[in-house]
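The values are calculated or read from the model by the stated rules, or taken from the named source; none is laboratory data. All values derive from a computational prediction rather than experimental measurement. Counting neighbours? That spans all protein chains shown, and the Cβs are built from the backbone with ideal geometry, glycine included.
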Amino acid sequence: MLAGAGYGILAVVLVLMLPQVTCFSNQTVCDNGSEVAPYAANGTFRRNLGLLAASLPGSTSAAPAGFANATEGASPDQVYATALCRGDLNASSCRACVAAAFADAVQGCPGNRGVAVYEDACSLRFSGQRFTDFLREDQWKVSEILWEPEQDTATVEVPAEWFSAAVTKILAAVIDRAAAGNSTATKKYFATGEEDFDPRIYGLAQCSPMTTPPQCRGCLGLLLGIVAAQYLGARPQWVRVVSDWCSLMYSARPFYEGRAMLQVLAPPASAAPKAGAGKKRSEPGILAGVACSVVVVLILSVFVFVRRRRRANKPAEKDHLSKKITRAQCMIFDLPALQEATENFSENNKLGEGGFGTVYRGILSDGQEIAVKKLLGRTGHGLHQLHNEVRVLAELQHKNLVRLQGFCSHPEETLLVCEYIKNGSLDNFLFDDSREISLNWEQRYNIILGIAKGILYLHEDSKMRIIHRDLKANNILLDEDMDPKIADFGLARLLGEDHSQTKTTKVVGTFGYMAPEYVIDGSVSTKIDIFSFGVLVLEIVTRRNNSSSEDHDAVNLLSDVWNCWTKGTVSQMVDQHQSLDGYFLRQALRCIHIGLLCVQPDPDDRPRISSVVFMLTRGNMELPPPAQPAFYFGRESNLPSPSCGQRSYAYGRPNIGGISVNEVTLTEPYPR
């Protein structure tokens, strides 16, 4: 009995002597949850899924690369699936992990025809769509890879710059090793590494064997950029970023089996800031700091009289606001330089105006073109506007967002300086018939997709969750390549990480683009931007302004589109200046379908922007039927519908069935 107790104590001691292994929680993504009808519990799709759940764990664990790609059944209930085990797993652990992933998929996304599961040691994806087509050379776009992040809340107590350099170094090393492949025959893209840092850093990189070496490197490079840009500044003890095609991890504790494949030396400690290093800042940095301080003093001077007349809590609020401005990364412009650049804000240089200011084109002394926005209001409101745009824009870096270059605050002027966008705003191309150049369909589709990707960055990919609140054609600028850039963040509302919805006592925006819940009770969520985007999509396809009063016979654009949709003549809403047929017409009609989904009255019925991007880039993905849009005003029975012709136009393959909407059958079906 004592001997048995002794062995038990010895076992506990041996376990405690083993290195602690970091475990990651599993992530289950219902990637098609709201777009297609769920499968029946006793239906063919569920039966095919069950067959894959029985066979795929074994075939994955038996493969040299720990990977399997399988298909079961026939259309429309065919199931495609892939599974990949972490490269260090043995066969039994691999088989158990894939089996658990199937169970988690069914439990986490019941009835869903498309699920991705990222377990601690394996990944699984199944779908009713052939998602592996994304790897084709004509489909592959690294920037469109969907990824899922996870990070530790605990932090590493070392200088942030040094830690970032160390993590970047080991991740770059394992990426190089993994992308090179361990075997030409098995195409096992997998590598682990250990870095001699304090604390030690462990890294792992892996790609699906279905990828080519350049695709693997591109996928891992994207994840490395995400890790470096969004997570390392906070120094989390571990970060994992996964996708269908690759995964990248680091941790301050071991999380893989066996010895590391690579041993990496830590970067020199000189990468960390030393005591007194602040005194060695460059002269431009010192000047910028002094300039920002001077600007803040001027701002405070201007508003001192106003603050004295307000209640005691108001000065503290303004002081806090001004301090935020000084912390923004900015370039300070002086007023004379901007006056010279814009020829003293000449009417000839005026680009446009809105409810919050006027924008002028300018040319700096070095020849650089800029856009200068003079904010309305020289009181606290102007300061709030300045702070809001500087705070938001200084943090944002995306090709579909206008880049802020700096600001100028003067006792009599408050100005923002942004990059100059050559072709001006989208509304000029859509609604100005006098323009000689019009947008062809490829450009319009690229604009729709670019706006969606810009919103995706604001809602889900930036450090802050940002709601624009004033998306409209006038706030979409087009560069020289006709790529869209979202502008004017004066109304942007920032939501905290733990909040998905809030309310405002002051509703601001543009009628025709504002969601009903925002207009009625001031509810603010990402779905109000989705509504505005839906209106924009319909305007771009139809080349009609939703808030225009020129067509007195039309109620509004949403009503006319819905009338045509229910009558089966929605192709008549496509801009008649465009001679579209075949693929382009189907694409335009699909955009109308997506636009209608985005303007549903209930915000919960509108898709997330990530789903919208997926709908736009996956032409074979099924879309749910839309309901009657918000702000729908039916016509009197004796009034004709000027926008909808009486002819019906069938498009797509002739054997495709109709789409039923509110018991009205459309005669314009298209492949989904």
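Within segment 576-590, the residues that satisfy the criterion of being at pLDDT 85 or above and either surrounded by fewer than 20 Cβ atoms within 10 Å (Cβ to Cβ) or more than 24 Å from D432 (Cβ to Cβ) (or both) are Y583, F584, L585, R586, Q587, L589, R590. Being buried (at least 21 other Cβ atoms within 10 Å of the Cβ), modelled with pLDDT under 90 and farther than 18 Å from S438 by Cβ is not true of N620.
There is at least one residue in segment 390-398 that is surrounded by 17 or more Cβ atoms within 10 Å (Cβ to Cβ), small (G, A, S) and modelled with pLDDT under 90.
Identify, please: which residue in segment 483-513 is farther than 18 Å from F531 by Cβ and surrounded by fewer than 19 Cβ atoms within 10 Å (Cβ to Cβ) and is, among those, modelled with the highest pLDDT? Looking at the filtered set, the residue picked out is D483.
Residue-wise test of (1) over 30 Å from T44 (Cα atoms); (2) within 24 Å of the chain's Cα centre (by Cα).
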position	(1), (2)
R125	no, yes
D138	yes, yes
V158	yes, no
A172	yes, no
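Taken together, G66, G87, G58 contain a single residue that is more than 26 Å from the chain's Cα centre (by Cα), of a type in the set (G, A, S), at pLDDT 90 or above and surrounded by fewer than 19 Cβ atoms within 10 Å (Cβ to Cβ), which is G58. Put simply, of A105, A101 the only residue that is of a type in the set (A, V, I, L, M), assigned to a helix (DSSP H, G or I), touching a Pro at 6+ places or on another chain (Cβ under 9 Å) and more than 19 Å from L223 (Cα to Cα) is A101. For segment 115-145, residues that are part of a loop (DSSP other than H, G, I, E, B) and exposed (fewer than 15 other Cβ atoms within 10 Å of the Cβ) total 6. Scanning segment 61-75 for residues that are among the hydroxyl-bearing types (S, T, Y) and over 14 Å from L49 (Cβ atoms) yields S61, S75. Kindly indicate whether any position in segment 592-599 is modelled with pLDDT of 70 or more, part of a loop (DSSP other than H, G, I, E, B) and either assigned by TED's automatic domain parsing to the domain that holds I530 or in contact with a Lys or Arg (Cβ under 8 Å, 6 or more places away or on another chain) (or both). Yes; the residues of segment 592-599 include at least one that is modelled with pLDDT of 70 or more, part of a loop (DSSP other than H, G, I, E, B) and either assigned by TED's automatic domain parsing to the domain that holds I530 or in contact with a Lys or Arg (Cβ under 8 Å, 6 or more places away or on another chain) (or both).
Listed residues T211, T192; which is touching a helix residue (DSSP H, G or I) at 6+ places or on another chain (Cβ under 8 Å) and in a loop (DSSP other than H, G, I, E, B)? Every option except T211 fails the conditions. Starting from residues that are in a loop (DSSP other than H, G, I, E, B) and among the hydrophobic types (A, V, I, L, M, F, W, C), keep the ones in segment 42-96 and report whichever is nearest to C122 (Cα to Cα). Across segment 42-96, the extreme among qualifying residues is L89. For segment 143-168, filtering for residues that are small (G, A, S) and either in contact with a His (Cβ under 6 Å, 6 or more places away or on another chain) or at pLDDT 90 or above (or both) leaves 3.
Evaluation of P626 against the conditions (1) over 24 Å from the mean Cα position of the chain (by Cα); (2) closer than 16 Å to C564 by Cβ; (3) at pLDDT 70 or above shows that the sole unmet condition is (1). Among the residues of segment 421-471 satisfying the criterion of being of a type in the set (K, R) and in a helix (DSSP H, G or I), which is farthest from K373 (Cα to Cα)? Among them, the one singled out is R444. D196 falls short on exactly one of the conditions (1) crowded, with 16+ Cβ neighbours inside 10 Å; (2) in contact with a strand residue (DSSP E or B) (Cβ under 8 Å, 6 or more places away or on another chain); (3) modelled with pLDDT of 90 or more, and that condition is (1). Taking (1) in a helix (DSSP H, G or I); (2) under 30 Å from D521 (Cβ atoms); (3) among the aliphatic types (A, V, I, L, M) in turn, A588 satisfies each apart from (2).
The residues of segment 214-251 that are basic (K, R) and in a helix (DSSP H, G or I) amount to a single one, R217.
Residues are listed down the side, and each one gets a yes or a no for (1) at pLDDT 85 or above; (2) among the polar types (S, T, N, Q); (3) assigned by TED's automatic domain parsing to the domain that holds I332:
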site: R361; (1), (2), (3): yes, no, yes
site: S365; (1), (2), (3): yes, yes, yes
site: V372; (1), (2), (3): yes, no, yes
site: L375; (1), (2), (3): no, no, yes
site: H387; (1), (2), (3): no, no, yes
site: R403; (1), (2), (3): no, no, yes
site: P411; (1), (2), (3): no, no, yes
site: T414; (1), (2), (3): no, yes, yes
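Checked against the criteria, R95 does not count as touching a strand residue (DSSP E or B) at 6+ places or on another chain (Cβ under 7 Å), among the basic types (K, R) and in contact (Cβ under 8 Å) with a residue 12 or more places away in the chain. For R435, the criteria (1) at pLDDT 85 or above; (2) closer than 21 Å to T542 by Cβ hold in every case but one, which is (1). Looking at L248, L224, L265, just one residue is aliphatic (A, V, I, L, M) and surrounded by 23 or more Cβ atoms within 10 Å (Cβ to Cβ), and that residue is L248.
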